[in-house]
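As structure tokens, the structure follows; a few thoughts come after it.
Just so you know, all these numbers are worked out from the coordinates, no wet-lab data involved. Note that the coordinates shown come from a computational prediction; the quantities given were computed from them, not determined experimentally. When we count neighbours, we look across all protein chains shown, and the Cβ atoms used for this are built from the backbone with ideal geometry, even at glycine.
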Amino acid sequence: MVCMNQPLPTCCTALQTHWPLPQPLPGAVLVSCGFDSTRLASDDFQRSGIEQTPSLQRSVAKRQAEFLAGRICAREALRRLDGREYAPTTGEDRAPIWPVGISGSITHGTGWAAAIVAHQSDHRGLGLDMETLLSEERAQRLAGEILIPDELQRMAADRVALTVTLTFSLKESLFKALYPIVQQRFYFEHAELLEWSDDGSARLRLLTDLSSEWRHGCELQAQFCVEGQRLLSLVSV
């Protein structure tokens, strides 16, 4: 629990409340901000009222800045959702610890962080992921690690970078959305991106049993957007 109106750290830009994705999600709040790790000050965590764990204190400035920015976005999203003042701490599994009755997800990448929250009565699980678009060369190199054979077969030769980045991001979002529900880890080969389109819609299918409810063959809708070199994806349950 933290005090209201904590100052923003010097490394973060002003917080934005917006919805960049194609389909609105009723009851959800998304907050984002930019950050610059070179501007991280030694007292930014203390001034911002965000807990800094011993392992985080030992980490590099980039890791500290992205963590701080993500938690600040999460705290503001919760405040806008229902007025509470709370910044998620971190569990032993390194996942954020949300208040009872709240679903949430935090993401950060190159100079940008965001968080989304909602009441579990509206959305049981939320998975938000941001990735920087891969270069064509790196995408070709990683395709076999991220895509399963059926996905590789469907991939258009002229859209390799986008397809590999999108598949990676959507599977990350899927994991973030389902892990709090099933409490079981799963990996790239345990899900399939069945289809996606330029309007930002996508469909995923599980290829493994995660619980009595979430079995092999379950399908979920997803969405994404691309802004410059930034790709943002969301899976909601």
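Taking neighbour Cβ counts within 10 Å as the exposure measure, how do 181, 50, 106, 97 sort from fewest upward?
Details: 181 16, 50 23, 106 26, 97 12.
Fewest to most other Cβ atoms nearby, the residues stand as 97, 181, 50, 106.
Going through segment 58-152, which GluC sites (Glu not before Pro) have at most 16 other Cβ atoms within 10 Å and a DSSP loop state?
Details: sites: 66, 76, 85, 92, 131, 136, 137, 145, 151; in loops: 85, 92.
The qualifying sites are 85, 92.
Applying 1/(1 + (r/R0)^6) with R0 = 30 Å to the Cβ-Cβ distance of residue 95 and residue 153, what FRET efficiency is obtained, to the nearest 0.05? Before the final figure, lay out the partial values.
Values: r = 33 Å, r/R0 = 1.11.
E(calc), rounded to 0.05, equals 0.35.
State the percent of C-alpha pairs, over all pairs in the chain, separated by a distance greater than 31 angstrom.
Numbers: 6304 of 27966 pairs.
Of the Cα pairs, 23 percent sit more than 31 Å apart.
Quick one: order 12, 225, 73 by neighbouring beta-carbon count within 10 Å, fewest to most. Could you put the intermediate results ahead of the total?
Working: 12 22, 225 15, 73 29.
Going from sparsest to densest Cβ surroundings: 225, 12, 73.
Would you mind putting 115-122, 58-65 in packing order, based on average other-beta-carbon counts within 10 Å, highest first? All intermediate terms of the calculation are to be shown ahead of the outcome.
Numbers: 115-122: 20.8, 58-65: 14.9.
For the peptides 115-122, 58-65, the packing ranking is 115-122, 58-65.
Work from the charge dipole of the chain (Cβ charges, +1 for Lys and Arg, -1 for Asp and Glu, about the Cα centre) and give the residue of 74, 52, 33 farthest towards its positive end.
So the residue furthest toward the plus end is 52.
So how far apart, in nm, are the two label points at residue 184 and residue 46 if each is 7 Å from Cα heading toward Cβ?
So the label points at residue 184 and residue 46 sit 4.6 nm apart.
Sticking with the crude label model, points 7 Å out along Cα→Cβ, report the distance from residue 124 to residue 58 in nm, one decimal please.
Distance between label points: 3.9 nm.
Ranking 155, 130 by Cβ neighbours within 10 Å, fewest first, what do you get? If you can, show how the numbers build up before the last one.
Values: 155 18, 130 21.
Ascending Cβ contact count within 10 Å gives the list 155, 130.
Only helical DSSP H runs with n ≥ 4 go in: add -39500 (n - 2.57) per run for the chain, normalise by residue count and round the 222 nm mean residue ellipticity to 500 deg cm²/dmol. Walk me through the numbers on the way to the answer.
Working: 6 runs with 71 residues, N = 237.
Only helices count here, giving -9500 deg cm²/dmol.
Taking 0.36 nm per residue of sequence separation and subtracting the Cα-Cα distance, how much length would be gained by fully extending the chain between residue 14 and residue 226, in nm to one decimal? Can you show the working numbers first?
Values: separation 212, 0.36 × 212 = 76.32 nm, distance 2.14 nm.
Gain on stretching residue 14 to residue 226: 74.2 nm.
Note down the nm distance, to one decimal, between modelled labels 7 Å out along Cα→Cβ at residue 219 and at residue 203.
In this crude spin-label approximation the distance works out to 0.3 nm.
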